[in-house]
Amino acid sequence: MAGAAKRTKVEDEESVAGYLHSLSPLEVSKKNARYFDATLQSGREEYHRVVVFSTEKRQIFEQAAIAKKPVKLTRVKRTISFSDPGGYDIVCSASSGLEVSQNVGFFF
């Protein structure tokens, strides 16, 4: 009997829409992974830290932040925020995507 096939955890992956603010320069984690940070405004007064481990996507994140257009981050994971006990952080990987969103219901 063959072993169980691995399944991707699609149910854990989400989409979040909002405006991108303040991208950091490229940094190196304690485990030698390169990443950069950004802030996503997902409501009038709701902000979340975004950590992106796919450094080749920095240019499109930067363009979206400069253009001040609403975006939708797809296939992201939410993690518990250590800086905001009631909030969450957003983690983007190589499989995550960034799309221009039409309307998010609030302004930049």
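Values quoted throughout were computed directly from the atomic coordinates according to the rules given, and no laboratory measurement underlies them. Everything numeric here is computed off the predicted structure, so don't read it as measured data. Backbone-built Cβ (ideal geometry, glycine too); neighbour counts: all protein chains shown.
The table below lists the values:
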item	result
Kirkwood Rh in Å, taken over region 63-108 so that all alpha-carbon pairs contribute	12.2 Å
Sequence-separation-based contact order of the chain, relative, with Cα cut under 8 Å and 6+ spacing, percent	28 percent
Equivalent ellipsoid semi-axes - Cα gyration tensor, the chain, angstrom	25, 17, 15
GNM top mover of G18, G86, G97 - the chain, alpha-carbon springs below 10 Å	G86
Order of S42, S22, S81 under a 10 Å beta carbon neighbour criterion, fewest first	S22, S81, S42
Unsatisfied cross-links (Cα-Cα over 22 Å) in the set K31/K77; K31/K68; K31/K57	K31/K68
Theoretical gain in end-to-end length, F82 to S95 [0.36 nm per residue, Cα-Cα removed]	2.2 nm
For the chain, built as a Gaussian network whose Cα springs stay under 10 Å, the top-fluctuating residue of R49, R34, R58	R34
Under 16 Å from K69, Cα to Cα: aspartates and glutamates that are on another chain or at least 8 residues apart	E99
